[in-house]
């Protein structure tokens, strides 16, 4: 097509008369002579088209940015988010183990420390083994020993007259208690300990090893806690700690000796080398009567079946039979023959 060709209806080839426009009239505007003149309609059309293009470009850019923003990899932001969400203290330092109680500690402190030990099952301590390897089933009783073997303890086996019905131990004391003047005759065993709960006796007349003839119990490891009936015992390198929940008493046994806690108070040694008791101090008359009765019966050489007052107390009859003050069914405390 020839560049000089113009269609009759081509706007660009038509003479255009510019009319005054109300509101948009620009008196400074003067059309050039001989130039092409643009009608207001075309001018507004071009302005509108430009406006549409600008809006379209802006809108398209907004959606493109949004689309790319939603699909971009956000892994670069994750470390910041993860760091703020991660717990600062995932682990905490374990509290330092508390020190074993010392003389003068409260019963609550002693029992609390004992219960901090690692529990072990009593069923692992239901047998005693003799030196020749014979295993004796103790039934509901238990026997245990310290890792050093300097402490051997046992509860009485059902059906036997051994012990006082509590915890009996043999301890290798560095300085065992001496024989009391009230027990001038017989074989004195300074390592013997009876702890029935309400009393504590160290050192006793024993003609034979008693219940320990059944053998030694399994080792109770350091830090372990063994519960037997009303007793909770914890083995430690400083010794064995045992508490009796029903009487509110406790004791530490070691080669250095015995340390009482709770209601146990020093008592006059009559049967043992050293004695402690939980006898109430407020009932002076009752305590005096009990002491008098016990002393008179000891002097009178009780017979098997006679009434007695102090559980676990041992004596001999006039004929030389060994007796233990123990519960006899519904008859209360009686002197019973022991092996």
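Residue selection: residue 234 satisfies the criterion of being touching a helix residue (DSSP H, G or I) at 6+ places or on another chain (Cβ under 7 Å) and over 23 Å from residue 324 (Cα atoms). In this structure, residue 128 does not qualify as closer than 22 Å to residue 255 by Cα, touching a helix residue (DSSP H, G or I) at 6+ places or on another chain (Cβ under 9 Å) and either in contact (Cβ under 8 Å) with a residue 24 or more places away in the chain or not assigned by TED's automatic domain parsing to the domain that holds residue 235 (or both). Residue 240 passes every criterion in (1) surrounded by fewer than 22 Cβ atoms within 10 Å (Cβ to Cβ); (2) modelled with pLDDT of 95 or more apart from (1). Filtered by the rule that a residue be at pLDDT below 75 and in contact with a strand residue (DSSP E or B) (Cβ under 9 Å, 6 or more places away or on another chain), the stretch 323-337 gives 328, 331, 332, 335.
The values are calculated or read from the model by the stated rules, or taken from the named source; none is laboratory data. Just so we're clear, the structure is a prediction, and the values are computed from it rather than from any experiment. Virtual Cβ from ideal backbone geometry, glycine too; neighbours counted across all protein chains shown.
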